[in-house]
Amino acid sequence: MVVRTLIAILLAVLTCGWIYAQQPPMSDEARARAQTQRSQDEEMIYRDTRRGHTNSPNSDLSPSFNKETVERIKQFRKVDPQLAAAYSGFTKELNTGITKIFANNGCQSQRVVDASDRCRDFIPQSYAFSFRTKGYVYEPYGDITIFRNGIFTGGFLAQSAIVSLGNVPVENVDTNNTAVELLATLPPDKDFDAAKEAAQRLKQGYSADGVTVSSVQRATVNNTYVVRVIAYRPSVSVPPLSDKSTTMEKWFLSLGNDTRGDILAVFRIVDLQPDGAMTVLWKLLDRKDAPKLKFGKDEPLADFRQ
């Protein structure tokens with residue numbers, strides 16, 4: 001049961017690298033620690049996958065957490081009863097929910113959770129959410145990830161775009177909304193080069209039909225967002241897992257453990273705490289099968305977002 005979880009941790013190294021790249025450069029000491037952690041995580045993951053461990057599709061807690069810790073995390077994740085009651089009518093509808101998501105301030109690695117004052121309110125494995133699985137997931141499989149005060153969209157080998165709608169009731173947003181229609185018309189990329197070009201454009205952000213389309217937005221209370229995530233299935237042959245498998249081959253092999261898909265979703269931040277914890281009211285607007293992304297002959301395996 002640990003294949004999904006453990007390989008997902010390895011993918012988190014890649015996704016975190018993309019997120020940290022958008023922050024101020026790390027010091028040499030911090031960079032060295034990150035590299036050491038990367039090497040340790042890769043070795044641990046390889047050993048456990050070779051032993052045939054597996055995990056459930058929607059598992060979101062590290063196997064290193066004991067039962068007491070897991071229960072404490074679940075308690076922290078509970079939505080305020082007053083908020084839950086206020087939106088109970090909406091959450092009774094199909095493909096809706098209300099979820100508490102915590103910000104990742106860089107406080108956790110696979111083996112260490114930082115216990116400093118900066119991280120005293122950090123809740124492990126509670127900062128990435130998937131509309132595809134309708135639950136918490138490891139960061140590489142997330143449709144949205146909360147990092148500090150930013151909302152980052154998409155994960156490994158997933159094209160993503162987000163638009164801020166402003167103070168608009170989430171229940172008023174459907175597939176006829178202008179921004180939703182705009183994101184719905186974004187065509188899936190046919191090959192790696194096209195996907196890489198599109199990812200760079202989204203990372204920089206651009207304006208279309210009077211709205212700003214990007215892959216990241218600032219988290220703001222009483223603000224509604226619409227997101228499109230295309231989690232591709234790679235059309236490429238990857239050798240079976242072995243002691244000769246490269247790190248990137250392991251990442252691609254792990255995609256078979258994720259629920260891939262092409263989704264449109266709308267969500268609204270109905271509560272935002274000083275520590276970055278937020279309560280999100282959400283609805284899945286549309287879902288399609290995951291398209292395939294073609295790799296050229298002899299093209300090296302890579303994530304187009306890098």
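Laboratory data are not the source of any read-out in this text; all were calculated from the coordinates shown. Being a predicted model, the structure only gives us computed values, none of them experimental. In this analysis, Cβ positions are derived from the backbone assuming ideal geometry, glycine residues included, and neighbour counts consider all displayed protein chains.
Cβ under 12 Å from Phe90's Cβ, Phe90 left aside: what net charge do those residues give with Lys, Arg +1 and Asp, Glu -1?
Spelling it out: positives minus negatives among the neighbours equals +1.
Can you run phi through the Karplus equation (6.51, -1.76, 1.60; θ = phi - 60°) for region 212-218 and list ³J(HN,Hα) in whole Hz, with x for Gly and Pro?
In residue order, the calculated couplings are 9, 9, 8, 9, 8, 9, 6 Hz.
List the lysines whose Cα lies under 27 Å from the Cα of Lys196, skipping any in the same chain that are fewer than 8 positions away.
Of all the lysines, those that pass the test against Lys196 - Cα under 27 Å, at least 8 places apart if same chain - are Lys250, Lys288, Lys292, Lys294, Lys297.
Which cross-chain or sequence-distant (5 or more) residues have an amide H under 5 Å from the amide H of Lys294, H modelled 1.01 Å from N in plane?
The list, which skips near neighbours in sequence, is Asp191, Phe192, Ser235.
Extension gain Thr69-Thr259, at 0.36 nm per residue separation less the Cα-Cα distance, in nm?
Using 0.36 nm per residue and subtracting the Cα-Cα distance, I get 65.7 nm.
Search the structure for amide H atoms under 5 Å from the amide H of Gly150, placed 1.01 Å from N in the peptide plane, and list their residues when 5 or more places away or on another chain.
Distant-sequence amide H within range of Gly150: Ala219.
Could you name the lysines in cross-link range of Lys78, using Cα to Cα under 20 Å and dropping any fewer than eight places away on the same chain?
Lys67, Lys92, Lys100, Lys134, Lys283
Please list 98-107, 178-187 highest first by mean number of surrounding beta-carbon atoms within 10 Å per residue.
98-107, 178-187
Determine the shape class of region 226-293: with a ≥ b ≥ c the square roots of the Cα gyration tensor eigenvalues, call it rounded for a/c under 1.5, and otherwise prolate if a/b is greater than b/c, oblate otherwise.
oblate
Under a Cβ-only charge scheme (Lys and Arg +1, Asp and Glu -1), can you give me the dipole magnitude of region 192-241 about the Cα centre, in debye to the nearest 20?
So the magnitude is around 120 debye.
Rank the residues Met278, Met248 as a footprinting-exposure proxy: fewest other Cβ atoms within 10 Å of their Cβ go first.
Met248, Met278
First select every other residue whose beta carbon is under 11 angstrom from the beta carbon of Ile101; then total the charges, Lys and Arg +1, Asp and Glu -1.
So the environment of Ile101 carries a net charge of +1.
Cut-off is 10 Å between beta-carbons; in what order do Phe65, Phe131, Phe304 appear when sorted fewest neighbours first?
Ranked by crowding around the Cβ, least crowded first: Phe65, Phe304, Phe131.
Relative contact order for region 166-250 using alpha-carbon pairs under 8 Å, separation at least 6, rounded to a whole percent?
32 percent
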